[in-house]
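Below is one structure; the comments refer to it alone.
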Amino acid sequence: MEKTYKMNVAGVERDLPICPVNEELSIAAFVIFGDVELTCKCAEELIKKIPEHDIMIAAEAKSIPLIHEMARQMGVNKYIIARKVPKLYMHDPMHVSVKSITTEAVQTLYIDKSDAEAMNGKRVLIVDDVISTGESIKAVEKLVELSGGNIVGKAAILAEGGAKDRDDIIFLEPLPLFIKNK
């Protein structure tokens, strides 16, 4: 039988599967892909907490439903996704590298020159589904800074492990890490 962690976020209860990262550490897998109710409710609650901003950015991929729903609920028609690979449509893409807790290899995030221009001089909100080590957020921060954007907030549904103690992020609920023999 699969071990799970019961969580209530934005008034929605879910059983999250516990997944090993290595021999000592496991995490509760929080995935909003395909969960319309959870995505909509989390977006609604997160919108109540975020500062005024001109544009939002998120790293591909699990944050895409969240940033999309936030934009839809706010009546905004533009947001930016930092992609994991450069696309043919990208002109003069900017990039930074990142190593996150949920990905085995170092990844690179890319944005198009037009996305960089859209952030230049603007108030930018960074959106993520879960902040854990903060490495993904740091990479997106670098992209925003290279673009000349002004970061006004970093928002996520969940703050995992020690991220719950950070004072520079906005989140709805903490999510524990599961450390063997603790």
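The residues in region 29-60 that are small (G, A, S) and in contact with a Lys or Arg (Cβ under 9 Å, 6 or more places away or on another chain) can be counted, and the count is 2.
Going by the structure shown, is V124 assigned to a strand (DSSP E or B), open to solvent by less than 60 Å² (accessible area, probe 1.4 Å) and touching a strand residue (DSSP E or B) at 6+ places or on another chain (Cβ under 6 Å)? Walk me through how you get there before you give the answer.
Working: assigned to a strand (DSSP E or B): yes; open to solvent by less than 60 Å² (accessible area, probe 1.4 Å): yes; touching a strand residue (DSSP E or B) at 6+ places or on another chain (Cβ under 6 Å): yes.
Criteria met by V124.
Residues in region 29-49 that are outside any helix (DSSP H, G or I) and touching a Pro at 6+ places or on another chain (Cβ under 7 Å) were compared, and the one that is least open to solvent (accessible area, probe 1.4 Å) is I32.
Can you tell me which residues in region 138-155 are free of Cβ contacts under 8 Å to residues at least 60 places away in the same chain and either touching a helix residue (DSSP H, G or I) at 6+ places or on another chain (Cβ under 9 Å) or on the phi > 0 side of the Ramachandran plot (or both)? Listed by number, the residues that qualify are L146, S147, G148, N150, I151, K154.
One residue is enough: does region 94-110 have a residue meeting the conditions in contact with a strand residue (DSSP E or B) (Cβ under 9 Å, 6 or more places away or on another chain), under 19 Å from L175 (Cβ atoms), aromatic (F, W, Y) and open to solvent by less than 60 Å² (accessible area, probe 1.4 Å)? Don't jump to the end; show me each part of the working.
Taking region 94-110 as the starting set, the residues that turn out to be in contact with a strand residue (DSSP E or B) (Cβ under 9 Å, 6 or more places away or on another chain) are 94-102, 106-110.
Subset that is under 19 Å from L175 (Cβ atoms): 100-102.
Okay, now just the ones that are also aromatic (F, W, Y), so none.
Checking region 94-110: not a single residue is in contact with a strand residue (DSSP E or B) (Cβ under 9 Å, 6 or more places away or on another chain), under 19 Å from L175 (Cβ atoms), aromatic (F, W, Y) and open to solvent by less than 60 Å² (accessible area, probe 1.4 Å).
Applying the condition of being in a helix (DSSP H, G or I) and in contact with an Asp or Glu (Cβ under 9 Å, 6 or more places away or on another chain) to region 130-163 and asking which residue is most open to solvent (accessible area, probe 1.4 Å) yields S136.
The values are calculated or read from the model by the stated rules, or taken from the named source; none is laboratory data. It should be emphasised that the depicted structure is a prediction, and the values quoted were computed from it without experimental measurement. So basically every Cβ, Gly included, is an ideal-geometry build from the backbone, and we count neighbours across all protein chains shown. To get the accessible areas, we keep the full protein, side chains included, count just its heavy atoms, and leave off ligands, DNA and RNA. Shrake-Rupley method; radii C 1.70, N 1.55, O 1.52, S 1.80 Å.
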